[in-house]
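Colleague: Attaching a single structure in structure tokens format; questions to follow.
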Amino acid sequence: MGRAMLIVCAACLIVVGMINVTTSKQGLRMTEVNVRYADFIMAKNTAHTAIQIAMQLINADENWPSTHHSGNPWETEIEGRAISLYARQIEHPDFWEADTLYLISNAEYDGISAEVRSLYLKQPFNTLVPQFQGSITMPSGFNSFNIDGNAHEISGIPPEGSGCEPMPGIVVHSQEMADQLPEGEINIVGEPNVQVNSDLNYEPTDELIARLLGSGNGVTVNGDFSGTLGTASNPGVFFIENDVKLTGKQSEGYGILVVRSGGMMEYEGALSVAGNFEWNGLMIFENAFEFDGRGTPTINGSILVGNTSEYSGDPINISLGGNIQINYDCRGEDYARMAAALAVEQNFYTHIVTSENANYDGPGF
């Protein structure tokens, strides 16, 4: 019995020793895994930080992504950790679709390489262009609506084959404004002819104008103007600050035309040109509305009349002269949006998704 007991005890000690060794090894392995996981977290966070820094660099320099491609990555150190980051851009062939930007960031930390990939979309600058609601939209009040001419029509009925839905002829902010309209002197047609919308607001049109002015890509029109006013494939942004007379050499214009406080647009010239002049797009009268159309100018798109928040002058006197035709056309909204996108380089990116990956020589976790 004594000898048997010793054998049993010895066997138990061996088993306990083996268990202790195994447990010790597992503990060491778990410790190593935890350390390596912590290292991965450090590397991953560094890769994320690099992407945030890269986005700041892109906002400051729109050409940054094209400079730092896969063949020439941006390499630096963040808190002693090596960083390699590159961009991949995909320009969408459809003008209205967002361009794609991938940022691929790799961070090295103590043998671990963590990769972070972020996807961003860049929308063209056109979101501030007001949606067309009718032939003429007036979110602000006015003092008078005068007509000095022969035949006038303000129509919310789009041209046949345009693909546009009928809209109101005139949209105003209040019933009081609607009662001031000279419906007996001018032919206002639409669905309905006149609509009251108390939700109308001139903002953010003033912000749109500020961005367009700040772009430096708009054309300021002065005096007797004989230059071009944009094309269907390349619509432009035009500002009228003072009295302007189109000399008759233009037959059409496309994009956004802004008549600011004190500005007046007058069109005259040879009858064959004057009678056929057409503006296609958005026409904004900011703190003013005086359009003297000597001939039969046509506006295809929409007119917006409004006051900025800081405007403290008298209510606007709206004056229409000549034989003007104002037609709602949704295609004019596309010309306006394209003009804004071409004028303002948009560096505003929307983050869509991020993925993470780790790679190193050692135990898994």
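Colleague: From the protein chains alone at 1.4 Å, what is the descending order of accessible area for SER226, SER84, largest first?
Modeller: The most accessible residue leads, giving SER226, SER84.
Colleague: In whole Å, what is the distance between the alpha-carbon centres of region 68-118 and region 155-225?
Modeller: Region 68-118 and region 155-225 have Cα centres spaced 45 Å from each other.
Colleague: Quick one: 3J(HN,Hα) in Hz for region 96-102, Karplus 6.51/-1.76/1.60 with θ = phi - 60°, rounded, Gly and Pro as x.
Modeller: Coupling constants for region 96-102: 8, 8, 6, 6, 10, 10, 9 Hz.
Colleague: For region 96-215, give me the percentage of DSSP beta bridges that are antiparallel, rounded to the nearest 5 percent.
Modeller: On the way: 11 of 20 bridges.
Expressed as a percentage, antiparallel bridges in region 96-215 total about 55.
Colleague: Where a ≥ b ≥ c are the square roots of the eigenvalues of the C-alpha gyration tensor, would you call region 38-77 rounded, which needs a/c under 1.5, or, failing that, prolate if a/b is larger than b/c, or oblate?
Modeller: oblate
Colleague: Let me ask another. Can you work out the Karplus-derived ³J(HN,Hα) for every residue in region 137-145? Use 6.51 cos²θ - 1.76 cosθ + 1.60 with θ = phi - 60°, whole Hz, and x for glycine or proline.
Modeller: Running phi through 6.51 cos²θ - 1.76 cosθ + 1.60 with θ = phi - 60° gives 10, 10, x, 10, x, 9, 8, 8, 10 Hz.
Colleague: What distance in nm separates the simple spin-label points at SER66 and GLU252, each placed 7 Å from Cα in the Cβ direction?
Modeller: 3.1 nm
Colleague: So, one more: Note down the net charge around ALA98, summing +1 for each Lys or Arg and -1 for each Asp or Glu among other residues with Cβ under 13 Å from its Cβ. List each step's numbers first, then the result.
Modeller: On the way: positive: LYS122; negative: GLU91, ASP94, GLU97, ASP99.
Charge balance in the 13 Å sphere: -3.
Colleague: Right, next: What does the accessible area of ASP61 come to, in Å² to the nearest 10, when a probe of 1.4 Å is used?
Modeller: Spelled out: ASP61, probe radius 1.4 Å, area about 70 Å².
The values are calculated or read from the model by the stated rules, or taken from the named source; none is laboratory data. Quick caveat, the model's predicted, so the values are computed rather than measured. Note that each Cβ is placed from the backbone with ideal geometry, even for glycine, and that neighbours are counted across all protein chains shown. Side chains are part of the model used for accessible areas, which takes the heavy atoms of the whole protein and leaves out ligands, DNA and RNA. Shrake-Rupley method; radii C 1.70, N 1.55, O 1.52, S 1.80 Å.
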